[in-house]
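Peer 1: Let me give you the structure first, and then I'll get to my questions.
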Amino acid sequence: MPRGRPRKKPTEILIKSAEMIGWALGGLEREILDTRQRLTALTAQANQLRLRIAAKAGTTASSAAPAAETDGSEAPVGRKRRRRKMSAEARRKISERMKKTWAERRKKT
């Protein structure tokens, strides 16, 4: 007579593991739904805050509130970044300095 616990059949193990996977998937799906609901609520709050900011600043609401569904890859809405404009004299000075630097570097090699 063999000692210890009787061995389980492979089919029983597969059924139990499939059941566990099903439970895990169910839990993940519930988490996904909860996360989507939280994201929707946060997006709505963000839009309300944008509208309040726009109302205080006196701008139109359409420029302050982007579309409700965004994937986060877009740049934030706001002022455009301005480029500095360099005078011709400043460009000339920089050019001369760089030519001098590169000439010295060529002499070393």
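The values are calculated or read from the model by the stated rules, or taken from the named source; none is laboratory data. Keep in mind that what you see is a predicted model, and the values were worked out from it rather than measured. All Cβ positions, even for glycine, are placed from backbone atoms using ideal geometry, and neighbour counts span all protein chains on display.
Peer 1: Based on what the data block shows, is GLU12 acidic (Asp, Glu), in a helix (DSSP H, G or I) and modelled with pLDDT of 70 or more?
Peer 2: Answer is no for this residue.
Peer 1: Please determine, by comparing only the residues of region 72-92 that are of a type in the set (A, V, I, L, M, F, W, C) and under 29 Å from the mean Cα position of the chain (by Cα), which one is modelled with the lowest pLDDT.
Peer 2: ALA75
Peer 1: Right, next: Could you identify the single residue in SER17, SER95 that is more than 30 Å from the chain's Cα centre (by Cα), at pLDDT below 85 and surrounded by 10 or more Cβ atoms within 10 Å (Cβ to Cβ)?
Peer 2: SER17 is the lone residue from the list that is more than 30 Å from the chain's Cα centre (by Cα), at pLDDT below 85 and surrounded by 10 or more Cβ atoms within 10 Å (Cβ to Cβ).
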